[in-house]
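Undergrad: Got a structure for you, questions after.
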Amino acid sequence: MNAQNAIPSWLDAGAVTLSCLCVLHCLALPVLAVSLPVFGAWADAEWMHKLFVLVAVGLSGWVISTNVAKPSGLIFASMAIPGLAILIASAYAEALHDYEDMLTVVGAGVLALAHGLRLRRRHAQFGSGKTRHRP
């Protein structure tokens with residue numbers, strides 16, 4: 001079993017989902033906060049943004065570390081690391097606070113693209129795991 005096959009495909013699918021949730025949090029909660037003030041507290045919750053970033057760093061870091069020796073792992077890392085760096089900067093660099101939402105959307109988008117391409121490549125190489133019957 002090689003390293004590419006050792007990482008479950010649901011990990012990449014989960015990473016894409018988390019990136020989408022992160023973008024949704026940045027874009028939808030401010031709109032909801034205007035409609036329903038109770039969402040205002042969630043829209044301004046810095047801990048949530050930092051939690052998303054920590055989870056993204058953990059998941060993506062594991063995938064990067066187990067695949068960096070392979071050419072496809074280098075391609076993934078060359079996309080994922082800048083996405084993670086943008087996410088970390090948007091969550092933790094106070095000087096970038098005014099650009100936090102924009103940077104988060106960009107970083108999450110780059111990271112989701114990296115995981116999505118990795119997942120697509122994995123399915124093309126190993127299949128979806130389902131048996132297909134051909135006549």
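The values are calculated or read from the model by the stated rules, or taken from the named source; none is laboratory data. In this text the structure is predicted, and so the values were computed from the model without any measurement. Ideal geometry is used to build each Cβ from the backbone, glycine not excepted, and the neighbour counts take in all protein chains shown.
Undergrad: Out of all the residues in region 1-41, which are modelled with pLDDT under 70, surrounded by fewer than 13 Cβ atoms within 10 Å (Cβ to Cβ) and closer than 22 Å to residue 103 by Cα?
TA: Within region 1-41, just 41 meets the criteria.
Undergrad: Please state which one of 132, 121 is among the basic types (Lys, Arg) and either within 13 Å of the chain's Cα centre (by Cα) or at pLDDT 80 or above (or both).
TA: Being among the basic types (Lys, Arg) and either within 13 Å of the chain's Cα centre (by Cα) or at pLDDT 80 or above (or both) holds for just one of 132, 121, which is 121.
Undergrad: Here is a follow-up. Does region 68-96 hold any residues that are among the small types (Gly, Ala, Ser), more than 19 Å from residue 120 (Cβ to Cβ), touching a helix residue (DSSP H, G or I) at 6+ places or on another chain (Cβ under 8 Å) and assigned to a helix (DSSP H, G or I), and which are they?
TA: 85, 89, 90, 91
Undergrad: Let me ask another. Which one of these is in contact with a Phe, Trp or Tyr (Cβ under 8 Å, 6 or more places away or on another chain) and over 19 Å from residue 17 (Cβ atoms): 65, 90?
TA: 90
Undergrad: If I go through region 99-113 residue by residue, how many of them are under 10 Å from the mean Cα position of the chain (by Cα) and free of Cβ contacts under 8 Å to residues at least 40 places away in the same chain?
TA: Number of matching residues: 3.
Undergrad: Now a separate question. Go through the residues of region 48-67 one by one and say whether even a single one is at pLDDT 85 or above, outside any helix (DSSP H, G or I) and out of contact with any strand residue (DSSP E or B) (no Cβ under 9 Å at 6 or more places or on another chain).
TA: no
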